[in-house]
1. Could you check, for the range 95-110, whether at least one of its residues is closer than 17 Å to Val26 by Cα and without any contact (Cβ under 8 Å) to a residue 40 or more places away in the chain?
2. Tally the residues that are surrounded by fewer than 16 Cβ atoms within 10 Å (Cβ to Cβ) and of a type in the set (Val, Ile, Thr), restricting the search to the range 1-56.
3. One residue is enough: does the range 168-191 have a residue meeting the conditions more than 24 Å from Tyr120 (Cβ to Cβ), touching a Pro at 6+ places or on another chain (Cβ under 8 Å) and loosely packed, with under 12 Cβ neighbours inside 10 Å?
4. Does the range 75-89 include one or more residues that are part of a loop (DSSP other than H, G, I, E, B) and crowded, with 16+ Cβ neighbours inside 10 Å?
5. Among (1) buried (at least 16 other Cβ atoms within 10 Å of the Cβ); (2) under 17 Å from the mean Cα position of the chain (by Cα); (3) not assigned by TED's automatic domain parsing to the domain that holds Leu249, where does Leu152 come up short?
6. Determine if the range 173-187 includes at least one residue that is closer than 23 Å to Ser269 by Cα and part of a loop (DSSP other than H, G, I, E, B).
7. Here are some conditions: (1) surrounded by 18 or more Cβ atoms within 10 Å (Cβ to Cβ); (2) under 17 Å from Arg33 (Cα atoms); (3) of a type outside the set (S, T, N, Q). Glu123 meets all but one. Which one does it not meet?
8. Considering only residues that are in contact (Cβ under 8 Å) with a residue 40 or more places away in the chain and more than 22 Å from Gly6 (Cα to Cα), look in the range 43-70 and name the one that is farthest from the chain's Cα centre (by Cα).
Amino acid sequence: MIRVAGYARDIGSAVYLEDTQKPLFVSGSGYQRFPSKNYSIQRPAGRPDYQLLYIYKGCGHFLLDGSWQDIPAGNLVLYSPSEPQVYSYYAADAPQIYWIHFTGTEIPALLEKYEIRNGYVGENRVLKQLFDEIILELQLKKPMFQDITLVLFQKMLPLIRRLTLSQSEAQDQAVQIEQLIVRLNQQYMEQWDITSMADFCHLSPYYFSHQFKNMTGISPVRYLNRLRIEKAKELLLTEDLSISEVAALVGYKDPLYFSKAFKKATGSSPKMFHGNRLQFDETFEGTIH
């Protein structure tokens, strides 16, 4: 195990009654990495202070609410005073863990205000940096280090809340984009463009395009064109329609533009694609007779 830690006192992370009676007190913080050996903690009676764990990389395994849970990178685990602590880290998961111990009379109100609880906040460099700065202050113990440590910790709590809200917003955006994809599959023939698709998701066009590509791997325009071409192929294979009619049915106003887009996507013009279908039908009918 590789461990880097700092403490407010030279005695380590021990907590005294006087600490709990202060408005806010950070007793210790650290970083751990487990490159070769597994590591387990069993504290059935918990600790007298709060402990916040940040799974920065890899994965941790925690006994929570009576069952073992795999907690992946980007998650926080918060333990309250006297709450049982049972968890393990496996070298195979390559975990990198940050932790901080804190107490004080203002803690319950701060945790409630910023809604600090178990949950996903992402692998965030700014949060990591705050942990690193707190550890360094507790290690060096320069003048006013405790005050600076508290300032950094008080900055950490609203940052966690911001990250939590950001994750919730991202989930809402993902739902909106998923709903758009359903709508596009139903109404691909409508005159969609980036602006109308972004409006549907209540996002700016630039941000929408970025998020859509992150989710699907392709741009929204390319997705729509691919969808329309697939629908056009179905019509050309199953219906006796002109190229202009197929173009209009799948959402292309300009038959020439449709033909170019179709050939670019399939390597064949709509006319050749339709002709191959007719040739196949004639051959198939001849075989039957």
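The values are calculated or read from the model by the stated rules, or taken from the named source; none is laboratory data. Source: prediction; values computed, not measured. Note that each Cβ is placed from the backbone with ideal geometry, even for glycine, and that neighbours are counted across all protein chains shown.
1. At the first step, the residues of the range 95-110 found to be closer than 17 Å to Val26 by Cα are 98-110.
Add one more test, that the residue is without any contact (Cβ under 8 Å) to a residue 40 or more places away in the chain, and what stays is 108-109.
Yes, the range 95-110 has at least one match.
2. So the count comes out to 5.
3. No; the residues of the range 168-191 include none that is more than 24 Å from Tyr120 (Cβ to Cβ), touching a Pro at 6+ places or on another chain (Cβ under 8 Å) and loosely packed, with under 12 Cβ neighbours inside 10 Å.
4. Here is the first cut: in the range 75-89, the ones part of a loop (DSSP other than H, G, I, E, B) are 80-84.
Okay, now just the ones that are also crowded, with 16+ Cβ neighbours inside 10 Å, so none.
Taking every residue of the range 75-89 in turn, none turns out to be part of a loop (DSSP other than H, G, I, E, B) and crowded, with 16+ Cβ neighbours inside 10 Å.
5. Every condition holds for Leu152 apart from (2).
6. no
7. It fails just one condition, (1).
8. Of the residues in the range 43-70, the ones in contact (Cβ under 8 Å) with a residue 40 or more places away in the chain are 43-44, 47-57, 64.
This time we only want the ones that are more than 22 Å from Gly6 (Cα to Cα), so: 44, 64.
On the way: Pro44: 32, Leu64: 22 Å.
Ranking the candidates gives Pro44 first.
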